[in-house]
Amino acid sequence: MMNVEEVKNPFFILGNGERCFTLVKKRWGFRDVYTTFLYTMPYKSRDEISHLAIFINPDCSFNEGRGATISVHTTDGGNMGEEYFLGTLLPDKPSCFVQIRPTAPGVDGLAIYITTRAEVTVKWYIELQKSKEESTGPTV
């Protein structure tokens, strides 16, 4: 099991080319099956950020062989708002870009949840699916 302190910053998030998000929660998960990182950014002005770039940190050994699901939410007074974007990062596609246009009244920032799955879990799931197909036939 990996120590929380060993995971410094597994992802880079840039807004208009500059780092603008704060890593709020370093790590939490369930039996090392998945790990979620929470990044937040308050708006200083509504026109401040027009696009985001999210990258897997190539220098972080935590990310080896892992993909990630990204969920971007608006915030309203510190409360979670609507999901604004949902995407993925894969080992062979380690970046994703998000156009930002949240204009709803009360929106005061963004929160990004990045969830990774352990490689061993993905392999286990594939093996489980294969064994089900062998015993019952292909699933549709």
Can you tell me which of Pro138, Pro102 is touching a Gly at 6+ places or on another chain (Cβ under 9 Å), at pLDDT below 70 and part of a loop (DSSP other than H, G, I, E, B)?
Pro102
Restricting attention to segment 69-85, the residues that are without any contact (Cβ under 8 Å) to a residue 40 or more places away in the chain and among the β-branched types (Val, Ile, Thr) number exactly 2
Scanning segment 42-80 for residues that are exposed (fewer than 13 other Cβ atoms within 10 Å of the Cβ) and among the small types (Gly, Ala, Ser), which turns out modelled with the lowest pLDDT?
Ser45
Report, by residue number, each residue of segment 67-97 that is part of a loop (DSSP other than H, G, I, E, B) and charged (D, E, K, R).
Asp92
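The values are calculated or read from the model by the stated rules, or taken from the named source; none is laboratory data. As the structure is a computational prediction, the values presented were derived from the model and not from experiment. Virtual Cβ from ideal backbone geometry, glycine too; neighbours counted across all protein chains shown.
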